[in-house]
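See structure below.
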Amino acid sequence: MENLLPLIIQLICGAAGGNIAGSLMKKSSLGTLGNSIAGILGGGLGGQLLNMLGVAAGGGGMDLSGIISSILGGGVGGGVLMAIIGLIKNAMAKK
């Protein structure tokens, strides 16, 4: 369970990050559900990528630095993936 909690935090923060990015980039927004799904995927990928690179302080554990790493990695990863998908969607719609 201890290894599952950082992932859950990353997924939730990814959904939040995707929706925040969608609200900031209204033309690239995928809608609430689309932003959430892209954010969840990006949050999981972003958090795991930080852990693999060793950037996550505390190795993604449940100490304060591990929780902060999970929050930041998930939120940023979710926002970035939502923005990338939204920009690709807009570029394809213009053709």
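Yes/no per residue for (1) surrounded by 14 or more Cβ atoms within 10 Å (Cβ to Cβ); (2) modelled with pLDDT of 85 or more; (3) at positive phi; (4) in contact with a Phe, Trp or Tyr (Cβ under 7 Å, 6 or more places away or on another chain):
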site: 55; (1), (2), (3), (4): no, no, no, no
site: 58; (1), (2), (3), (4): yes, no, yes, no
site: 63; (1), (2), (3), (4): no, no, no, no
site: 68; (1), (2), (3), (4): yes, yes, no, no
site: 75; (1), (2), (3), (4): yes, yes, no, no
site: 79; (1), (2), (3), (4): yes, yes, no, no
site: 84; (1), (2), (3), (4): yes, yes, no, no
site: 91; (1), (2), (3), (4): no, yes, no, no
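Can you say whether residue 23 is among the small types (Gly, Ala, Ser), at pLDDT below 90 and either out of contact with any Leu (no Cβ under 6 Å at 6 or more places or on another chain) or not in a helix (DSSP H, G or I) (or both), as far as the supplied structure shows?
Values: among the small types (Gly, Ala, Ser): yes; at pLDDT below 90: no; either out of contact with any Leu (no Cβ under 6 Å at 6 or more places or on another chain) or not in a helix (DSSP H, G or I) (or both): yes.
So residue 23 does not fit the description; no.
Out of all the residues in region 27-57, which are hydrophobic (A, V, I, L, M, F, W, C) and under 14 Å from residue 12 (Cα atoms)? Spell out the reasoning first.
First, the residues of region 27-57 that are hydrophobic (A, V, I, L, M, F, W, C): 30, 33, 37-38, 40-41, 45, 49-50, 52-53, 55-57.
33, 37, 38, 40, 41, 45 - these are the residues of region 27-57 that are hydrophobic (A, V, I, L, M, F, W, C) and under 14 Å from residue 12 (Cα atoms).
For residue 16, work out the one condition from (1) hydrophobic (A, V, I, L, M, F, W, C); (2) at pLDDT 95 or above; (3) within 12 Å of residue 86 (Cβ to Cβ) it doesn't fulfil.
Condition (3) is where residue 16 drops out.
Could we say that residue 29 is among the polar types (S, T, N, Q) and surrounded by fewer than 18 Cβ atoms within 10 Å (Cβ to Cβ) here? I'd like the intermediate steps shown before the answer.
Values: among the polar types (S, T, N, Q): yes; surrounded by fewer than 18 Cβ atoms within 10 Å (Cβ to Cβ): no.
In short, no.
The values are calculated or read from the model by the stated rules, or taken from the named source; none is laboratory data. Being a predicted model, the structure only gives us computed values, none of them experimental. So basically every Cβ, Gly included, is an ideal-geometry build from the backbone, and we count neighbours across all protein chains shown.
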